[in-house]
Amino acid sequence: MAFKGVLDDAKITAALEECKKPESFCHKKFFGTCGLSAKSPADVKAAFDIIDQDKSGFIEEDELKLFLQTFKAGARSLTDTETKNLLKAGDTDNDGKIGADGMSSPTCCRVVRALCVFSIGMGRYHFFVSDPIPILLSICR
């Protein structure tokens, strides 16, 4: 698997199983189940680099469409609605793509914003919030 060394195969399988049916993908749930929401900024950056298949420094809509397939070959494509929802969650500047800038801090990482993680790592302390997006935006601007 492309995420070997970053994510556990069993957790990836469980996350993919939860969104097997079209229109069942929820980015919050997927990244919680696969374990990425609890990973370090370096691991999040590694995951970003894997998802950014054309290595442009951005994750564009066409890459998001095949998003699940980056976790496991043969996984389904996201529907247009699922793709647009995931893009909307991570596209903070409305340019139609998710950028990798600000990857040095988990609170300033656009990928973390896109994933809507349940825990925000700040040093060795963790704050648990139901919707981290407003907090992230206030910290990162």
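The values are calculated or read from the model by the stated rules, or taken from the named source; none is laboratory data. Keep in mind it's a predicted model, so treat the numbers as computed, not measured. Positions of Cβ are generated from backbone atoms using ideal geometry, with glycine treated the same way; all protein chains shown enter the neighbour counts. Each accessible area value is taken on the protein alone, full model and side chains, heavy atoms only, with ligands, DNA and RNA left out. Shrake-Rupley method; radii C 1.70, N 1.55, O 1.52, S 1.80 Å.
Odds and ends about this structure:
- Of all the listed residues (65, 72), the sole one being open to solvent by 70 Å² or more (accessible area, probe 1.4 Å) and either touching a residue at least 24 places away in the same chain (Cβ under 8 Å) or not hydroxyl-bearing (Ser, Thr, Tyr) (or both) is 72.
- Identity of the residue in segment 52-62, more than 19 Å from residue 81 (Cβ to Cβ) and not basic (Lys, Arg), that ends up least open to solvent (accessible area, probe 1.4 Å): 52
- Scanning segment 73-82 turns up no residue that is part of a helix (DSSP H, G or I) and under 11 Å from the mean Cα position of the chain (by Cα).
- The set of residues from segment 1-44 being of a type outside the set (D, E, K, R), surrounded by fewer than 20 Cβ atoms within 10 Å (Cβ to Cβ) and outside any helix (DSSP H, G or I) comprises 1, 2, 5, 22, 24, 26, 35, 40.
- Matching residues, segment 75-91, being more than 23 Å from residue 7 (Cβ to Cβ) and surrounded by fewer than 18 Cβ atoms within 10 Å (Cβ to Cβ): 79, 80, 81, 84, 88
- Each residue in segment 71-102 was checked for being within 25 Å of residue 9 (Cβ to Cβ), in contact with a Phe, Trp or Tyr (Cβ under 7 Å, 6 or more places away or on another chain) and either at pLDDT below 85 or among the basic types (Lys, Arg) (or both), and 1 of them qualify.
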